[in-house]
Every structure is written in C-alpha cells, then in structure tokens.
1. Mind checking segment A:18-97 for GluC sites (Glu not before Pro) that DSSP puts in a loop (not H, G, I, E or B) and that have at most 11 other Cβ atoms within 10 Å?
2. Going by C-beta contacts inside 10 Å, put A:Tyr24, A:Tyr15 in order with the fewest on the left.
3. Using just the helices of chain A, give the 222 nm mean residue ellipticity in deg cm²/dmol: DSSP H runs with n ≥ 4 each add -39,500 (n - 2.57), and the total is spread over all residues, rounded to 500.
4. Closest beta-carbon to the B-to-A rotation axis: which chain B residue owns it, and what is the separation in whole Å?
5. Please give every one of the lysines within straight-line cross-link reach of B:Lys18, meaning a C-alpha to C-alpha distance under 18 Å, and leave out same-chain neighbours fewer than 8 residues apart.
6. Could you tell me whether segment A:2-96 comes out rounded, prolate or oblate from its Cα gyration tensor? Rule is a ≥ b ≥ c as square roots of the eigenvalues, rounded for a/c under 1.5, then prolate if a/b exceeds b/c, otherwise oblate.
7. Could you calculate the FRET efficiency of B:Asp65 with A:Leu78 from 1/(1 + (r/R0)^6), where r is the beta carbon distance between them and R0 is 22 Å, rounded to 0.05?
8. Treating only the Cβ of Lys, Arg, Asp and Glu as charged (+1, +1, -1, -1), what charge dipole size does the protein assembly as shown show about its Cα centre? Round to the nearest 20 debye.
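FYI, it's all coordinate maths here, none of it is from the lab. What you see is a predicted model, and the numbers here were worked out from it, not measured in a lab. With ideal geometry, Cβ positions are generated from the backbone for all residues, glycine too; neighbour counts draw on all protein chains shown.
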Protein chains: 2
Amino acid sequence: MAEETAIRKDENVVYIGKKSVMAYVLAVITQFNNGAAEVGIKARGKVISRAVDVAEIVRNRFMPDAKLKGIVIKTEELTSEDGTKAKVSAIEITLAK
Amino acid sequence: MAEETAIRKDENVVYIGKKSVMAYVLAVITQFNNGAAEVGIKARGKVISRAVDVAEIVRNRFMPDAKLKGIVIKTEELTSEDGTKAKVSAIEITLAK
C-alpha cells in the first residue's frame, strides 16, 4: 500500500486541516473531476477523524463507484519552533475512481 | 478485510472512548497477553484519531512484532434518545501477533 501511494503525484493529495468537512469533500471531488485517477486524503493528529468523514461522505453521497484503495497509518515526528520534537499519528486514505 | 474481522470474537475488541491513550494501549497489550491472536481497536467519531494513536503506540513502543492486519472505515447510524438519527464515521484497526 505504501509503495502505491508513494508514486502518486503530490497534486492529487488533499490535506485535512481545520476547515469544514464539506470543504475537503469538495476538494476531493474537484480533483477527480480534473482527471485524477486516485486521490489521497492525508491528516495528522486530531483531524484524522475528519479525514475518515471526508472519505465516507465522498463515497456514500457523491461517488458511490469510488473505491477505497488503501488506508495507511503511521507516526510522524514534528519539530516545533523551539526545537522540541513530538510524535503525531497520521493517516492517508486513498480513493480511486 | 471486513469478513476477517467479523468472525473474530467480540471479547478481542477494545472500544476507544474518553480515557487516556495509554489506558487503551494497556487494554490491547493485556488482550494479547491473555492469548488473543488478534485485537480489534474500534472507535467512532472524534476519538478515531485516538484509535490510530493506540495502534501506533502498541506497535512502535511495546510490540514491534505486531502486524497491522487491516483497517476498515465505515459509516454507522446512531439513534439518539429523542429518535433523531445521525451518521458517524467509524474505524476498526486490527492488530495481530
């Protein structure tokens, strides 16, 4: 799974942040409409649950034919401005047309 | 993936709630120590990110040989006391010894 997602172009990734779920749903659908064969939904920390919401809403409400190609979870290390490091969980959900 | 997890006994499931991450990490490790070949980590809604934390901490810090057997995401419908229904995303992460 990791290898498959690694070769995908970065432009086909939607990074989940603090916007509304529907903003990211729209971003995913837009990427598919622009010709992407697959779209990665990436999130770190507390917004991981929002990434799952986005994937589920895209599949259940807008693109019933979209396939859940893979889900990867991992731990990333962040370095803050003062140099301290913190580990944070991350997820990448890949949808394919 | 869904079929594999469906036949697993319910007792080998850790449901993520509002306790600390380490409480659930301990619950997972305890189930493995009691003989479980695999343990499911289930969460709904905002605590989905905590389920990912639990799986990552178990694998990275306590059981480096544990395998990530599968990750399933889905949408569940909850009915509240007044009868209104709400959809909520859910995740199940299965770890195997």
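1. Qualifying residues, ordered by number: A:Glu81.
2. Ascending Cβ contact count within 10 Å gives the list A:Tyr15, A:Tyr24.
3. -8500 deg cm²/dmol
4. Closest Cβ to the B-to-A rotation axis, residue and whole-Å distance: B:Ile71, 2.
5. Within the straight-line limit of under 18 Å, B:Lys18 reaches these lysines: A:Lys46, B:Lys42, B:Lys46.
6. In terms of gyration-tensor shape, prolate.
7. Efficiency, rounded to the nearest 0.05: 0.25.
8. Computed charge dipole of the protein assembly as shown: roughly 220 debye.
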